[in-house]
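Some notes on the structure that comes next.
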Amino acid sequence: MRMSMFLLGLLLLIGSAMAEARPYEDHMSYKDPNQPVNRRIRDLMSRMTLAEKIGQMVQIDRSVATPEIMKNYSIGSLLSGGGSVPRPQATPQEWINMVNSFQNGSLSSRLGIPMIYGIDAVHGNNNVYKATLFPHNIGLGATRDPELVKRIGAATAREVRGTGINYAFAPCIAVCRDPRWGRCYESYSEDPKVVKAMTEIIPGLQGDIPADSRKGVPYVGGQDKVVACAKHFVGDGGTTRGIDENNTVVDWQGLMSIHMPAYYDSIIKGVSTVMVSYSSWNGKKMHANHDLVTNLLKNTLKFRGFVISDWQGIDRITYPDHANYSYSVMQGLHAGIDMVMVPFNYTEFIDTVTKLVDDKVIPMSRIDDAVSRILRVKFTMGLFEKPLADETYVDQIGSQAHRDLAREAVRKSLVLLKNGNNADEPVLPLPKNASRILVAGTHANNLGNQCGGWTITWQGLNGNNFTAGTTILNGIAAAVEPSTEIMFSENPNADFVKSNNFSYAIVVIGEQPYAEMNGDNTT
C-alpha cells in the first residue's frame, strides 16, 4: 500500500512537471513578436522540413497560383509579372481580395508562414488602373532632387499597399552607358554619382532605417511601407552596344567605380532585396557568379536581406534557355540566389532542388542561408503579425496629393535645351492669350505614348482608354485663355499650317512605348 501511494505520488509529480514543461516546449517563438528576429528565424527553421524550406525559396506568378498550391507547397512568394492582373481595370478591392485569398492559403499551411507578394511598381503602382504614374527614372534623374524621389517612393509604397501588395521590384539602379539599350529610360543617369544619389527612393519605399541599425540589415518601417529591391546586380547598363541581357566588358575597377556605387548606398539604407541581372560580366552570367553574389554582396558588403533571381533568370544560365535545368539550378543556388522567380514550372524547380540536396550537390547550409534571409525580411516587415491587406490605404491610389506630386516631378524633370536665339527674345513662356495655336505630334493626345513601357502592361499601351490621366493636349487646353482657339492635327501638312495663321505651334513627339529588349536599337 505504501509502495502504491509512493508510485502514485511520483506519477503525479512527473505529470505536474510535464504539464509545466509542455507550454514551454510547445511555445512557438517564431510567432512571438517580442522575440528577437534571429531567435524567431532559428525557431521556425528548426520546425521546417526540407520541402517547406525549398517552398519558401520559390516565387511564382499569380496566374498559376491557387490558395491550395500556396498551402501544399509552402510557396514563399507570388508576383504579378508586367500586366498580370486580376482582370483588366481591376479595382483596388479586387486586388486586395486576390492577394488575401492567396495569403489565406499560405496561412493555412502546417506552419502558417505568410507569403510576400511582389510587383513591378517602377514608376508608381503602374500595373494598376487609375494609380498615379510618376516619370520614369530617366526623368527623375534629370530632376537632380533626391528628396523629391524619396517622396515619390513613399507615395508609391502607399499606393502599392492600397492593393494589398507589400513588395516592389524597385528601384532599378542601372547606370546606362549606351543609349541604344532598351532599358535606358529605367536608369536615372549615365553618371554613377546621380544614380547613387537617387537611391534615396529606398527609404521612401521602406522607411528611414533606425539610427542604431547594423549595416546591411533589411528594414521595412510599417504598414505604409513596402519591401524594396535594388536591381539588376550588377553592370546591366554597361552591356556591349547596349544589347539587353548581354555582356558587360569592363575591368574590376570600372565595375566598382561605375556600376557598384549605388549598391553600396542601397545596402547602407537597408534595402531588403537585391535582384540579379540577366547580363554577364566579362562572359560570366551574373545568375551564376558566386564571386560577386556571395563573396562580394553577401560576405564583403554584409548584405543580410535576400537575393532574388530575375524572371526565369536561372533558365537563361544555359543556351538555349532551360537546356540543362539541373545544372542551371545548381549554378544559380551555388552563386547565392536565395529566392527564384520560377515563375511557372514550380514543381520542376522544387523536384530539381530536392534531388540536388538529396544527392549532396547542394549543401543544406546553402538552403538554410537562403531561407533564413527570406524569413528575416518577412519578420522584419511585420508580415507574421499583419499578413493580410490593410484596407485603409485604398484611398491612396490615384489620390490628389499623389497626382500633385507627380506634376511636381514632371515640372522638375523637364530639360530646356535652348530658349530663343538670344537672351533678349526668349521663346518661352508662350503667351496664353494667343488667338489660334496648333498642337501636333504623335504624343500630344496619347496617354499611352506619354506613359511609356511598364504601364498597365509590360510593354505599355497606345491610346487614351487604358487608365485615367491628362494628355498634353488637354493640359494645354486647360492652360490657355478661353478665347484661344486650339487646333490639333497629329501630322499636319504645309498647306494646313500656312492657311490657318497660327500664333505658334507645340509639337509633341517621342518613341513608341516598349520595355526591355523590345526597345533595343542598333543605331
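Over the chain, what is the relative contact order in percent, taking alpha-carbon pairs closer than 8 angstrom and at least six residues apart?
About 17 percent, as a whole number.
Along the stretch 384-392, what does the Karplus equation 6.51 cos²θ - 1.76 cosθ + 1.60 (θ = phi - 60°) give for ³J(HN,Hα), rounded to whole Hz, x for Gly and Pro?
Calculated HN-Hα couplings, in order: 5, 7, 9, x, 9, 4, 9, 6, 6 Hz.
Residues with beta-carbon under 12 Å from that of S189, excluding S189: net charge, scoring Lys, Arg +1 and Asp, Glu -1?
Details: positive: R144, R177, K193, K196; negative: E186, E190, D191.
Computed value for this residue: +1.
Just want to confirm a number: the relative contact order over the stretch 260-347, from Cα pairs under 8 angstrom separated by 6+ residues, in percent. If you can, show how the numbers build up before the last one.
On the way: 114 pairs, mean separation 28.3, N = 88.
Relative contact order for the stretch 260-347 comes out at 32 percent.
May I ask what percent, to the nearest 5, of DSSP beta bridges between residues of the chain are antiparallel? Don't skip to the answer; put the middle values down first.
Details: 3 of 36 bridges.
Percent antiparallel among DSSP bridges in the chain is about 10.
Could you give the accessible area per residue of the chain, probe 1.4 Å, as a whole number in Å²?
Working: 23160 Å² over 523 residues.
It amounts to 44 Å² per residue over the chain.
Go through the stretch 363-379 residue by residue and turn each phi into a ³J(HN,Hα) via Karplus (6.51, -1.76, 1.60, θ = phi - 60°); whole Hz please, and just put x for glycine and proline.
Listing the rounded values in order: x, 4, 4, 6, 5, 5, 4, 4, 5, 5, 5, 4, 5, 4, 5, 5, 5 Hz.
For n ≥ 4 DSSP H runs only, could you compute -39500 (n - 2.57) per run for the chain, divide by its residues and tell me the 222 nm figure to the nearest 500? Mind dumping the intermediate values first?
Working: 17 runs with 183 residues, N = 523.
For the chain, the value works out to -10500 deg cm²/dmol.
If you average the C-alpha positions of the stretch 371-399 and of the stretch 432-461 separately, how far apart do those two centres end up, in angstrom?
35
Normalise the Debye intensity by I(0) for the chain, one equal point scatterer per Cα, no solvent, then take log10 at q = 0.08, 0.09, 0.11 Å⁻¹ and round to two decimals.
-0.55, -0.67, -0.94
For D359, put the label point 7 Å out on the Cα→Cβ axis and report which residues of the stretch 304-337 keep their amide N under 16 Å from it.
Counting only backbone N, you get 323-334.
In the chain, carbon and sulfur make up what percent of the accessible area (probe 1.4 Å)? It would help to have the intermediate numbers written out before the result.
Numbers: 12370 of 23160 Å².
Using a 1.4 Å probe with all protein chains present, the chain comes out at 53 percent carbon and sulfur.
Search the structure for amide H atoms under 5 Å from the amide H of S272, placed 1.01 Å from N in the peptide plane, and list their residues when 5 or more places away or on another chain.
HN-HN under 5 Å from S272: Y219, A228.
Over the C-alpha atoms of the stretch 237-336, what are the Rg and the largest Cα-to-Cα span, Dmax, in Å?
13.4, 39
Which order do the peptides 453-461, 99-107, 334-342 come out in when sorted by mean C-beta neighbours inside 10 angstrom, highest first?
Numbers: 453-461: 22.8, 99-107: 20.0, 334-342: 24.9.
Those peptides, ordered most packed to least, come out 334-342, 453-461, 99-107.
Could you calculate the FRET efficiency of V415 with N518 from 1/(1 + (r/R0)^6), where r is the beta carbon distance between them and R0 is 41 Å, rounded to 0.05? Mind dumping the intermediate values first?
Numbers: r = 25 Å, r/R0 = 0.62.
Plugging the Cβ-Cβ distance into 1/(1 + (r/R0)^6) gives 0.95.
Where Lys and Arg each count +1 and Asp and Glu each count -1, what net charge lies around K150 among other residues with Cβ under 11 Å from its Cβ? If you can, show how the numbers build up before the last one.
Details: positive: R151, K269; negative: D145, E147, E200, D208.
Charge balance in the 11 Å sphere: -2.
Taking the Cβ of S74 as the center, what net charge do the other residues with Cβ under 13 Å away carry, scoring Lys and Arg +1 and Asp and Glu -1?
Numbers: positive: R47, K53, K71, R110, K378; negative: E52, E68.
Net of charged neighbours comes to +3.
For the stretch 278-285, what does the Karplus curve 6.51 cos²θ - 1.76 cosθ + 1.60, with θ = phi - 60°, yield as ³J(HN,Hα) per residue in whole Hz, taken in order and with x for Gly and Pro?
5, 6, 10, 10, 6, x, 9, 4
Please list, or write none, the aspartates and glutamates whose alpha carbon is within less than 16 Å of the alpha carbon of K150, excluding same-chain residues fewer than 8 places away.
Straight-distance partners of K150: E159, E200, D208, D224, D265, D404, E408.
I need the Debye-formula profile for the stretch 296-429: one equal scatterer per C-alpha, no solvent, reported as log10 I(q)/I(0) at q = 0.19 1/Å, two decimals.
With no solvent term, the Cα-only Debye profile gives -1.10.
Quickly work out the V507-to-R180 label distance, labels modelled 7 Å from Cα along the C-beta direction, and quote it in nm with one decimal.
So the two model labels end up 2.7 nm from each other.
Can you give me the C-alpha center-to-center distance between the stretch 236-272 and the stretch 174-227, rounded to a whole angstrom?
Spelled out, the Cα-based centre of one part sits 13 Å from the other.
Could you check the spin-label model distance between D43 and Y264? Points 7 Å from the Cα along Cα→Cβ, value in nm.
So the two model labels end up 3.9 nm from each other.
Given the stretch 90-210 reduced to its alpha-carbon atoms as identical point scatterers, what log10 I(q)/I(0) does the Debye formula return at q = 0.15 Å⁻¹?
-0.72
Just to make sure I understand: if all protein chains stay in place, what is the order of F496, F344 by accessible area at 1.4 Å, largest first? List each step's numbers first, then the result.
Values: F496 60, F344 80 Å².
Largest accessible area first, the residues go F344, F496.
Taking amide H positions as placed in the peptide plane 1.01 Å from N, state which residues far from S187 in sequence (5 or more) or on other chains have amide H under 5 Å from it.
I138
Taking a spot 7 Å from the Cα of F496 along the direction of its beta carbon, which residues of the stretch 447-482 have an amide N less than 16 Å from it?
What the label zone holds, given the 16 Å backbone N cut-off, is 473.
For Y327 and D224, compute 0.36 nm times the residue count separating them, minus their Cα-Cα distance, and round to one decimal in nm.
Working: separation 103, 0.36 × 103 = 37.08 nm, distance 4.06 nm.
My answer for the length gained is 33.0 nm.
Given Cα pairs under 8 Å that are at least 6 residues apart, what percent is the relative contact order of the stretch 383-523? Let's see the in-between values first.
Numbers: 155 pairs, mean separation 42.7, N = 141.
Relative contact order, the stretch 383-523: 30 percent.
The values are calculated or read from the model by the stated rules, or taken from the named source; none is laboratory data. The structure displayed is predicted, hence computed values, not measured ones. Virtual Cβ from ideal backbone geometry, glycine too; neighbours counted across all protein chains shown. In case anyone asks, the SASA skips ligands and DNA or RNA and just uses the protein heavy atoms, side chains included. Shrake-Rupley method; radii C 1.70, N 1.55, O 1.52, S 1.80 Å.
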